[in-house]
Every structure is written in C-alpha cells, then in structure tokens.
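Each reported figure results from applying straightforward, stated rules to the coordinates on display, with no laboratory input. Bear in mind that the values here come from a model prediction, so they are computed numbers and not experimental data. For neighbour counting, all protein chains shown are included, and Cβ atoms are generated from backbone atoms with ideal geometry for every residue, glycine included.
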Amino acid sequence: MPSSIKQLKKDINNDIGDLIEEIYLWELSNPSADLTKSEKIIDEAIIIFDSLIHKVNSVKGDNIKKQFKSIQEEKTKAITDLMKKTLKL
C-alpha cells in the first residue's frame, strides 16, 4: 500500500505508462502487424488510468485506508488483465 495519495498516483502513472511503452515497443518491433489490437489495449489503458486517478481524487470520508486499498487492488487487477491481453499480441 502506497504511503500517500501522491505515491499512489505516481504508481498508477508508472505502471500504466510502462505497459503502454511496452506496447509501443512491440509495435515498433512488428511493423507489419495489424496494430488495431495493440491500439485498442492502449486506449483501454488510458481509460483505466483516468478512472483510477478520478477514484483517487474522489476519496473522502470514513475508511480512507480501505478506499485506497480498494483502488490499489483494482489497479493491480487492471494491470494484470492488460498484460494478459498484451502477451496475446
């Protein structure tokens, strides 16, 4: 669990950024491939990024730690799902 809101946002940015970078490298390494699927994964990653950052910014009230833990778990699952899709390219 990240120690701060700033760190959680940084983790989300880094994890999704790294994934998108991997997809771009795959695209460069496979210039003759149909890039429709990889571009779709990138679009999905950006939507997930926006959603997670919005959730972090919306945290308030009671059980703040529980809310952040839930966001962290959602991030982990989303990254895992996106990586599985990336491996199928």
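For the reader, a short list of remarks on this structure follows.
- Tabulated pairs, segment 49-71, first in contact (Cβ under 8 Å) with a residue 12 or more places away in the chain, second surrounded by 13 or more Cβ atoms within 10 Å (Cβ to Cβ) and basic (Lys, Arg), C-beta under 7 angstrom, 6+ apart or interchain: Leu52/Lys75; Ile53/Lys9; Val56/Lys9; Ile71/Lys55
- Subset of segment 1-58 that is assigned to a helix (DSSP H, G or I) and hydroxyl-bearing (Ser, Thr, Tyr) - its residue that is farthest from Lys84 (Cα to Cα): Ser58
- Answer residue from segment 64-89, given it is more than 14 Å from Asp18 (Cα to Cα) and among the basic types (Lys, Arg) and is surrounded by the most Cβ atoms within 10 Å (Cβ to Cβ) among those: Lys85
- Output for segment 19-28, where each listed residue is touching a helix residue (DSSP H, G or I) at 6+ places or on another chain (Cβ under 9 Å) and either surrounded by 13 or more Cβ atoms within 10 Å (Cβ to Cβ) or farther than 15 Å from Asp43 by Cβ (or both): Leu19, Ile20, Glu22, Ile23, Trp26, Glu27
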